[in-house]
Amino acid sequence: MDAPLLGKKYYTFEDWCSLELDEGVRAELVDGTLVMMAAPSLLHQDVVGQFYRKISDFLEGKPCKVYLSSGVRLSDKEDTGFEPDVMVVCDRSKLEERYCHGAPDLIVEVLSPSNRRHDTLTKFNKYQRAGVREYWIVDLEEKTVQVCILEDGKYILSAYGDTDAVPVHVLEGCAIDLRDVFPEEAAEG
(Lines give C-alpha, C1' and ligand atoms only; values in the text may rest on other atoms or scores of the structure.)
Protein backbone atom coordinates (compact mmCIF):
# COMPACT_ATOMS: atom_id res chain seq x y z
CA MET A 1 0.00 0.00 0.00
CA ASP A 2 1.15 3.57 -0.64
CA ALA A 3 3.25 4.46 2.44
CA PRO A 4 2.08 8.09 2.93
CA LEU A 5 -1.53 6.91 3.15
CA LEU A 6 -0.95 4.16 5.70
CA GLY A 7 -2.67 4.63 9.03
CA LYS A 8 -5.10 7.38 8.07
CA LYS A 9 -8.30 7.41 10.06
CA TYR A 10 -10.35 8.96 7.24
CA TYR A 11 -9.75 8.58 3.50
CA THR A 12 -11.18 10.91 0.88
CA PHE A 13 -12.28 9.66 -2.50
CA GLU A 14 -9.16 11.30 -3.95
CA ASP A 15 -6.99 9.35 -1.45
CA TRP A 16 -8.67 6.13 -2.58
CA CYS A 17 -8.04 6.91 -6.24
CA SER A 18 -4.36 7.54 -5.55
CA LEU A 19 -3.75 4.34 -3.57
CA GLU A 20 -1.12 2.09 -5.07
CA LEU A 21 -1.88 -1.34 -3.68
CA ASP A 22 0.29 -4.42 -3.95
CA GLU A 23 -0.58 -7.01 -6.60
CA GLY A 24 -3.71 -8.94 -5.62
CA VAL A 25 -4.73 -6.43 -2.92
CA ARG A 26 -7.99 -4.55 -3.42
CA ALA A 27 -9.76 -1.96 -1.31
CA GLU A 28 -13.07 -0.15 -1.53
CA LEU A 29 -14.00 3.03 0.31
CA VAL A 30 -17.17 3.36 2.39
CA ASP A 31 -17.86 6.72 4.02
CA GLY A 32 -14.14 7.45 4.43
CA THR A 33 -13.19 3.98 5.70
CA LEU A 34 -11.08 1.58 3.66
CA VAL A 35 -12.58 -1.89 3.28
CA MET A 36 -9.88 -4.37 2.30
CA MET A 37 -10.99 -7.04 -0.16
CA ALA A 38 -9.62 -10.56 -0.50
CA ALA A 39 -8.20 -11.58 -3.85
CA PRO A 40 -10.94 -13.31 -5.89
CA SER A 41 -10.80 -17.08 -6.38
CA LEU A 42 -10.33 -18.56 -9.83
CA LEU A 43 -14.01 -19.62 -9.84
CA HIS A 44 -15.04 -16.06 -8.96
CA GLN A 45 -12.91 -14.69 -11.80
CA ASP A 46 -14.29 -17.27 -14.25
CA VAL A 47 -17.92 -16.40 -13.45
CA VAL A 48 -17.22 -12.64 -13.59
CA GLY A 49 -15.53 -13.19 -16.96
CA GLN A 50 -18.55 -15.06 -18.28
CA PHE A 51 -20.93 -12.24 -17.31
CA TYR A 52 -18.58 -9.67 -18.83
CA ARG A 53 -18.22 -11.64 -22.07
CA LYS A 54 -21.97 -12.22 -22.46
CA ILE A 55 -22.79 -8.55 -21.90
CA SER A 56 -19.87 -7.35 -24.03
CA ASP A 57 -20.96 -9.55 -26.93
CA PHE A 58 -24.52 -8.18 -26.69
CA LEU A 59 -23.29 -4.56 -26.60
CA GLU A 60 -21.09 -4.89 -29.71
CA GLY A 61 -21.95 -1.86 -31.87
CA LYS A 62 -24.30 -0.37 -29.25
CA PRO A 63 -23.76 2.86 -27.28
CA CYS A 64 -23.61 1.34 -23.78
CA LYS A 65 -20.23 0.16 -22.46
CA VAL A 66 -19.40 -2.70 -20.09
CA TYR A 67 -16.46 -2.55 -17.67
CA LEU A 68 -14.67 -5.09 -15.53
CA SER A 69 -13.61 -4.18 -11.96
CA SER A 70 -13.60 -0.44 -12.61
CA GLY A 71 -14.13 2.32 -10.05
CA VAL A 72 -17.46 3.96 -9.27
CA ARG A 73 -18.13 7.20 -7.43
CA LEU A 74 -21.86 7.29 -6.79
CA SER A 75 -22.00 10.80 -5.30
CA ASP A 76 -19.80 13.82 -4.65
CA LYS A 77 -21.47 14.15 -1.24
CA GLU A 78 -19.65 11.20 0.33
CA ASP A 79 -16.22 9.64 0.31
CA THR A 80 -17.23 6.27 -1.09
CA GLY A 81 -15.74 4.35 -4.00
CA PHE A 82 -16.56 0.85 -5.20
CA GLU A 83 -15.06 -1.55 -7.76
CA PRO A 84 -18.00 -3.65 -8.97
CA ASP A 85 -17.14 -6.91 -10.70
CA VAL A 86 -19.04 -5.84 -13.83
CA MET A 87 -20.84 -2.60 -14.65
CA VAL A 88 -22.69 -1.19 -17.64
CA VAL A 89 -22.79 2.54 -18.32
CA CYS A 90 -25.05 3.93 -21.04
CA ASP A 91 -24.52 7.65 -20.33
CA ARG A 92 -20.91 8.17 -21.42
CA SER A 93 -20.83 11.64 -19.86
CA LYS A 94 -20.49 9.80 -16.52
CA LEU A 95 -17.14 8.31 -17.53
CA GLU A 96 -13.99 9.86 -16.08
CA GLU A 97 -10.46 8.63 -16.77
CA ARG A 98 -10.42 6.04 -13.97
CA TYR A 99 -14.03 5.67 -12.81
CA CYS A 100 -17.74 6.15 -13.43
CA HIS A 101 -19.01 9.36 -11.82
CA GLY A 102 -22.63 8.63 -10.93
CA ALA A 103 -24.83 5.56 -10.93
CA PRO A 104 -24.10 2.93 -13.60
CA ASP A 105 -27.12 1.39 -15.30
CA LEU A 106 -26.24 -2.18 -14.26
CA ILE A 107 -23.90 -3.59 -11.63
CA VAL A 108 -23.08 -7.28 -11.21
CA GLU A 109 -21.38 -8.37 -7.96
CA VAL A 110 -20.23 -11.96 -7.44
CA LEU A 111 -20.25 -12.92 -3.76
CA SER A 112 -17.20 -14.30 -2.00
CA PRO A 113 -17.17 -15.55 1.60
CA SER A 114 -15.32 -12.40 2.67
CA ASN A 115 -17.58 -9.88 0.91
CA ARG A 116 -21.09 -11.34 1.33
CA ARG A 117 -22.29 -8.81 3.92
CA HIS A 118 -20.55 -5.91 2.15
CA ASP A 119 -22.26 -6.69 -1.18
CA THR A 120 -25.70 -7.66 0.15
CA LEU A 121 -26.12 -4.86 2.69
CA THR A 122 -23.70 -1.96 2.28
CA LYS A 123 -23.57 -1.92 -1.50
CA PHE A 124 -27.24 -2.83 -1.87
CA ASN A 125 -28.23 0.25 0.17
CA LYS A 126 -25.69 2.57 -1.48
CA TYR A 127 -26.63 1.43 -5.00
CA GLN A 128 -30.34 1.75 -4.29
CA ARG A 129 -29.95 5.24 -2.83
CA ALA A 130 -27.73 6.38 -5.72
CA GLY A 131 -30.18 5.17 -8.38
CA VAL A 132 -28.38 2.16 -9.88
CA ARG A 133 -31.22 0.92 -12.09
CA GLU A 134 -30.33 -2.78 -11.91
CA TYR A 135 -28.15 -4.66 -9.42
CA TRP A 136 -27.33 -8.38 -9.69
CA ILE A 137 -26.02 -10.32 -6.70
CA VAL A 138 -24.47 -13.60 -7.83
CA ASP A 139 -24.12 -16.41 -5.27
CA LEU A 140 -21.49 -18.94 -6.37
CA GLU A 141 -22.32 -21.45 -3.64
CA GLU A 142 -26.04 -21.56 -4.40
CA LYS A 143 -25.62 -20.91 -8.14
CA THR A 144 -28.28 -18.21 -8.01
CA VAL A 145 -28.67 -14.61 -9.12
CA GLN A 146 -30.74 -12.11 -7.19
CA VAL A 147 -31.86 -9.35 -9.57
CA CYS A 148 -32.75 -6.01 -8.02
CA ILE A 149 -34.71 -3.63 -10.27
CA LEU A 150 -35.12 -0.03 -9.12
CA GLU A 151 -38.76 1.10 -9.06
CA ASP A 152 -39.81 4.32 -7.33
CA GLY A 153 -36.50 4.48 -5.45
CA LYS A 154 -36.69 0.92 -4.05
CA TYR A 155 -35.35 -2.37 -5.33
CA ILE A 156 -37.83 -5.04 -6.40
CA LEU A 157 -36.14 -8.44 -6.08
CA SER A 158 -36.37 -11.55 -8.26
CA ALA A 159 -34.36 -14.75 -7.86
CA TYR A 160 -33.04 -16.99 -10.63
CA GLY A 161 -31.44 -20.44 -10.52
CA ASP A 162 -28.59 -21.98 -12.48
CA THR A 163 -30.81 -23.21 -15.35
CA ASP A 164 -32.65 -19.91 -15.91
CA ALA A 165 -32.16 -17.28 -18.60
CA VAL A 166 -32.08 -13.92 -16.81
CA PRO A 167 -33.35 -10.86 -18.69
CA VAL A 168 -31.21 -7.75 -18.37
CA HIS A 169 -33.91 -5.14 -17.86
CA VAL A 170 -31.74 -2.12 -18.71
CA LEU A 171 -30.58 -3.73 -21.99
CA GLU A 172 -33.66 -4.51 -24.06
CA GLY A 173 -33.35 -7.88 -25.78
CA CYS A 174 -30.44 -9.07 -23.63
CA ALA A 175 -30.75 -12.20 -21.49
CA ILE A 176 -28.02 -14.27 -19.89
CA ASP A 177 -28.44 -18.03 -19.74
CA LEU A 178 -27.00 -19.04 -16.38
CA ARG A 179 -26.16 -22.51 -17.73
CA ASP A 180 -23.44 -20.73 -19.73
CA VAL A 181 -22.16 -18.86 -16.67
CA PHE A 182 -22.03 -21.35 -13.81
CA PRO A 183 -19.66 -24.27 -14.34
CA GLU A 184 -21.10 -27.78 -14.17
CA GLU A 185 -18.79 -28.65 -11.28
CA ALA A 186 -17.19 -26.10 -8.94
CA ALA A 187 -13.44 -25.80 -9.34
CA GLU A 188 -11.54 -27.78 -6.76
CA GLY A 189 -8.84 -26.37 -4.51
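Observations on the model:
- One residue alone among N125, N115 is among the polar types (S, T, N, Q), under 14 Å from the mean Cα position of the chain (by Cα), farther than 25 Å from K62 by Cα and surrounded by fewer than 18 Cβ atoms within 10 Å (Cβ to Cβ), and that residue is N125.
- Condition met for P4 (at pLDDT below 90 and either assigned to a helix (DSSP H, G or I) or loosely packed, with under 13 Cβ neighbours inside 10 Å (or both)): yes
- Every residue from region 47-63 that is part of a helix (DSSP H, G or I) and surrounded by fewer than 17 Cβ atoms within 10 Å (Cβ to Cβ): G49, R53, S56, D57, L59
- The residues listed here are D76, D91, D105; of these, the one that is farther than 22 Å from V147 by Cβ and among the charged types (D, E, K, R) is D76.
- When residues of region 108-120 are limited to those that are touching a residue at least 60 places away in the same chain (Cβ under 8 Å) and in contact with a strand residue (DSSP E or B) (Cβ under 8 Å, 6 or more places away or on another chain), the one nearest to V147 (Cα to Cα): V108
- Exactly one residue out of V108, V72, V88, V66 is under 24 Å from Y10 (Cβ atoms), modelled with pLDDT of 95 or more and part of a strand (DSSP E or B), and it is V72.
- Taking the criterion of being in contact (Cβ under 8 Å) with a residue 60 or more places away in the chain, closer than 19 Å to P167 by Cβ and out of contact with any Asp or Glu (no Cβ under 8 Å at 6 or more places or on another chain), the residues of region 36-58 that qualify are V47, I55, F58.
- Taking the criterion of being in contact with a Cys (Cβ under 9 Å, 6 or more places away or on another chain) and part of a strand (DSSP E or B), the only residue of region 91-105 that qualifies is Y99.
- Looking only at region 75-85, and only at residues there that are touching a strand residue (DSSP E or B) at 6+ places or on another chain (Cβ under 7 Å) and either assigned to a helix (DSSP H, G or I) or among the acidic types (D, E) (or both), the one that is nearest to E14 (Cα to Cα): D79
- The strands (runs of 3 or more DSSP E) located wholly in region 131-189 that include 3 or more residues which are free of Cβ contacts under 8 Å to residues at least 24 places away in the same chain, touching a strand residue (DSSP E or B) at 6+ places or on another chain (Cβ under 6 Å) and among the hydrophobic types (A, V, I, L, M, F, W, C) occupy 154-161.
- Of all residues making up region 134-158, the number that are touching a Gly at 6+ places or on another chain (Cβ under 9 Å), surrounded by fewer than 15 Cβ atoms within 10 Å (Cβ to Cβ) and more than 14 Å from A103 (Cα to Cα): 1
The values are calculated or read from the model by the stated rules, or taken from the named source; none is laboratory data. Fair warning: this is a prediction, and the values are worked out from it, not measured in the lab. Virtual Cβ from ideal backbone geometry, glycine too; neighbours counted across all protein chains shown.
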